[in-house]
Amino acid sequence: MSTKEKLYEGKAKILYPTDNPEILLTYFKDDATAFNALKRGQIRGKGEVNCTVSVALLSYLENKGIPTHLIEKISPLEMLVKAVQIIPVEVVVRNIAAGSLCKQTGLPEGQILPQPLVEFYLKNDDLGDPLLTYDRLMLLELVTDSQLTELKNLTLKINQLLQTFFLECDITLVDFKLEFGFDGEGKIILADEISPDTCRLWDNKISDPQARIMDKDRFRRDLGEVENAYQKVQERILAKIN
Ligand code: UDP
């Protein structure tokens with residue numbers, strides 16, 4: 001872990017400065033939270049899995065032409081990233097109905113959506129990360145209209161790439177959350193992490209609806225075998241890229 005004073009500590013990661021102001025160090029913790037931190041715990045080995053998986057997926061996307069903040073992995077729990085100004089919007093894309101979409105619309109869990117659904121949530125824990133409408137995004141001046149279009153296009157491209165990637169790992173990508181930021185030149189790039197904490201992943205080798213869950217829903221819903229599920233995601237990804 002860096003000896004420097006932390007810049008920011010979130011629920012699952014710590015950000016440290018480096019000697020270069022354009023570069024930050026991300027440290028992945030084992031801490032887990034759910035339901036806006038009402039539920040807290042630890043998932044053994046989660047930091048390592050999330051660091052490995054995030055680096056693997058971000059570099060895969062970078063190689064496919066998606067600009068990301070990834071520079072390199074420097075230890076099992078740490079990656080170096082470009083410093084960005086984070087856009088305070090969580091971009092969620094869904095291929096199959098689950099989680100809050102089911103709770104808020106009544107759609108049954110597991111229903112395949114006719115096309116990917118992109119949603120924007122305000123990144124604000126105190127307000128409970130509310131779902132944003134187009135007019136609210138404009139009202140709050142979180143992004144401009146053209147930046148919003150760019151975010152949506154980037155997100156749909158990432159979804160396509162990751163769906164294909166996970167399918168080759170025998171995993172269904174149900175939904176996931178992305179965060180973006182502006183780099184030094186004002187360009188929008190993909191930031192944060194992509195991991196079993198931020199994706200819903202279902203094992204295509206298992207048909208039982210609970211047993212197939214390989215992501216943080218195992219922790220959210222007290223399904224057990226959380227560590228094993230995270231390890232399995234990591235193993236499948238490493239087997240594919242190595
Ligand atoms: N998600 C996330 N961080 C958040 C909220 C959601 O990573 O603060 C991810 C979540 O893991 C899932 C997707 O975004 O893969 C959609 O989550 P949903 O809106 O269904 O929320 P939840 O079920 O967590 O209430």
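Read the figures in this text as sums done on the coordinates, not as results from a lab. Given the structure is predicted, the values throughout are model-derived calculations rather than measurements. Neighbour counts are summed over all protein chains in view; Cβ atoms, including those assigned to glycine, are modelled from backbone coordinates with ideal geometry.
Quick look at the values:
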{"read-out": "Residues with amide H under 5 Å from that of residue 29, placed H, sequence gap 5 or more", "value": "13, 14"}
{"read-out": "Solvent-free Debye scattering, log10 I(q)/I(0), computed from the Cα coordinates of the chain at q = 0.13, 0.15, 0.16 Å⁻¹", "value": "-0.80, -1.11, -1.30"}
{"read-out": "Residue-wise HN-Hα coupling along the stretch 13-26, computed from phi with Karplus coefficients 6.51, -1.76, 1.60 (Hz; x: Gly, Pro)", "value": "9, 10, 9, 10, x, 10, 5, 9, x, 8, 10, 10, 10, 9"}
{"read-out": "Pair residue 211, residue 105: separation of 7 Å Cα→Cβ label points (nm)", "value": "3.0"}
{"read-out": "More than 24 Å apart - percent of Cα-Cα pairs taken over the stretch 1-95", "value": "24"}
{"read-out": "Most fluctuating residue given options 171, 96, 74, as computed from a GNM of the chain linking Cα atoms under 10 Å", "value": "74"}
{"read-out": "Cα shape, the stretch 57-117, gyration tensor, a/c 1.5 rule", "value": "prolate"}
{"read-out": "Residues with amide H under 5 Å from that of residue 42, placed H, sequence gap 5 or more", "value": "32"}
{"read-out": "Label-point gap, in nm, between residue 127 and residue 204 - each point 7 angstrom along Cα→Cβ", "value": "3.9"}
{"read-out": "Stretchable slack from residue 170 to residue 85, in nm (0.36 nm times residue separation minus alpha-carbon distance)", "value": "27.1 nm"}
{"read-out": "Share of alpha-carbon pairs per 5 Å distance bin for the stretch 181-231, given as whole %", "value": "5, 20, 23, 16, 9, 7, 8, 8, 4, 1"}
{"read-out": "For the chain, calculated [θ]222 nm from helices alone, where every DSSP H run of n ≥ 4 adds -39500 (n - 2.57)", "value": "-9500 deg cm²/dmol"}
{"read-out": "Three-way shape call for the stretch 51-177 based on the alpha-carbon gyration tensor, with the a/c threshold at 1.5", "value": "oblate"}
{"read-out": "Listed pairs 11/232; 13/46; 103/177; 152/177; 64/123; 4/216 exceeding 21 Å between Cα atoms", "value": "11/232; 64/123; 4/216"}
{"read-out": "Three-way shape call for the stretch 99-233 based on the alpha-carbon gyration tensor, with the a/c threshold at 1.5", "value": "prolate"}
{"read-out": "Simple spin-label estimate for residue 18 and residue 75 in nanometres, 7 Å along Cα-Cβ", "value": "1.4"}
